[in-house]
1. Considering only residues of the range 222-243 that are assigned to a loop (DSSP other than H, G, I, E, B) and modelled with pLDDT of 85 or more, which is surrounded by the most Cβ atoms within 10 Å (Cβ to Cβ)?
2. So, of the residues in the range 89-106 that are touching a residue at least 24 places away in the same chain (Cβ under 8 Å) and more than 28 Å from residue 42 (Cβ to Cβ), which turns out to be surrounded by the most Cβ atoms within 10 Å (Cβ to Cβ)?
3. Hey, among 117, 62, 84, which residue is among the aliphatic types (A, V, I, L, M), more than 26 Å from residue 134 (Cα to Cα) and more than 17 Å from the chain's Cα centre (by Cα)?
4. Considering (1) in contact with a Phe, Trp or Tyr (Cβ under 7 Å, 6 or more places away or on another chain); (2) hydrophobic (A, V, I, L, M, F, W, C); (3) in a loop (DSSP other than H, G, I, E, B), say which one residue 61 fails and leave the rest.
5. Pairs, please: C-beta under 8 Å, at least 6 apart or cross-chain, first residue closer than 24 Å to residue 153 by Cβ and touching a residue at least 40 places away in the same chain (Cβ under 8 Å) and in the range 182-201, second in a helix (DSSP H, G or I) and among the basic types (Lys, Arg)?
6. Scan the range 159-177 and give yes if some residue there is over 30 Å from residue 12 (Cα atoms), in contact (Cβ under 8 Å) with a residue 24 or more places away in the chain, buried (at least 16 other Cβ atoms within 10 Å of the Cβ) and not small (Gly, Ala, Ser), otherwise no.
7. Just checking, how many residues over the range 116-137 are at pLDDT 95 or above and under 16 Å from residue 99 (Cα atoms)?
8. Scan the range 183-207 residue by residue and report those that are outside any helix (DSSP H, G or I) and crowded, with 19+ Cβ neighbours inside 10 Å.
Amino acid sequence: MSDAHPIAIRLRGVTKTFGKGESAVPALRGIDLDVPAGELTMLVGPSGCGKTTLISILAGLLSRDGGECTVFGQDLGALRRDRLSAWRRDNVGFIFQQFNLVPQLSVAENVSVPLVLKGESVAASVRKANELLATLGLEGRGKGAPLKLSGGQQQRVAIARALIHDPRLLVCDEPTSALDAELGRRVMNLIKDRSRRADRAVLVVTHDDRIFHLADSIAHVDDGRIDRIERGHQHAAPKELRP
């Protein structure tokens, strides 16, 4: 928790179980976490510990079973489905680990979707999409098909789509998993820049220890609980990611 920044996300006793009866699998067992605004917070831990479930609840993609969850003062559990969809559209950018690009749309059209959903014209949205793609090393790729790109290129398209509408909450699930060191540094610097506003927050789920040094805080998740939280730059940058 930060003394300098207000709390963007507050979780108290958040639980989530998948399935029922003997097949029930507890994913979250009582999460307590404060995420300061104006900062980049990372969630780390072994596969299957509940990280992706947690960020899906924070982004309004999953409902919690119990506990309290507020994001910028909004209790997501209090919103009806239509209002939750509108809130997510207006406030959340989500970088999915599987990219979730639409094959029927061009690269730039994929990126432009959040702007179009908010009412901006297709032409203006595509223009802004191409500008953002250029900053991610994808200049001239906007008219192509997303499935003709490499995995790393598709990941950058997914990142651009999450950033294009300047969301208050940016949630990233393994954003550097398909990127080399140079592209990973460029992407993470862009993501970190987006966190540096008092009305913004960034959450990154990652196993990539090359980027740990960029976090303002690191929450270690284990077996559906927050095990501990590290503050500050306690992880030195590996040589390949240093400027």
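The values are calculated or read from the model by the stated rules, or taken from the named source; none is laboratory data. Predicted, not measured: the structure shown is a model, and the values here were computed from it. Note that each Cβ is placed from the backbone with ideal geometry, even for glycine, and that neighbours are counted across all protein chains shown.
1. Kept after step one, since they are assigned to a loop (DSSP other than H, G, I, E, B), are these residues of the range 222-243: 223-224, 232-238, 242-243.
With the extra rule that they be modelled with pLDDT of 85 or more, the set shrinks to 223-224.
Values: 223: 14, 224: 23.
Going through the qualifying residues, I end up with 224.
2. Filtering the range 89-106 for residues touching a residue at least 24 places away in the same chain (Cβ under 8 Å) gives 89-97, 99-103, 105-106.
If we keep only those that are more than 28 Å from residue 42 (Cβ to Cβ) as well, we get 102-103, 105-106.
On the way: 102: 12, 103: 9, 105: 14, 106: 17.
Filtering first and then ranking leaves 106.
3. Values: 117 fails: more than 26 Å from residue 134 (Cα to Cα); 62 fails: more than 17 Å from the chain's Cα centre (by Cα).
Within the list 117, 62, 84, the selection yields 84.
4. All conditions pass for residue 61, except number (1).
5. Listed pairs, sorted by first residue: 183/156; 184/210; 187/156.
6. There is at least one residue in the range 159-177 that is over 30 Å from residue 12 (Cα atoms), in contact (Cβ under 8 Å) with a residue 24 or more places away in the chain, buried (at least 16 other Cβ atoms within 10 Å of the Cβ) and not small (Gly, Ala, Ser).
7. Looking only at that region, the number is 1.
8. Going through the range 183-207, the residues outside any helix (DSSP H, G or I) turn out to be 195-207.
Within the range 183-207, 195, 200, 201, 202, 203, 204, 205, 206 meet the criteria.
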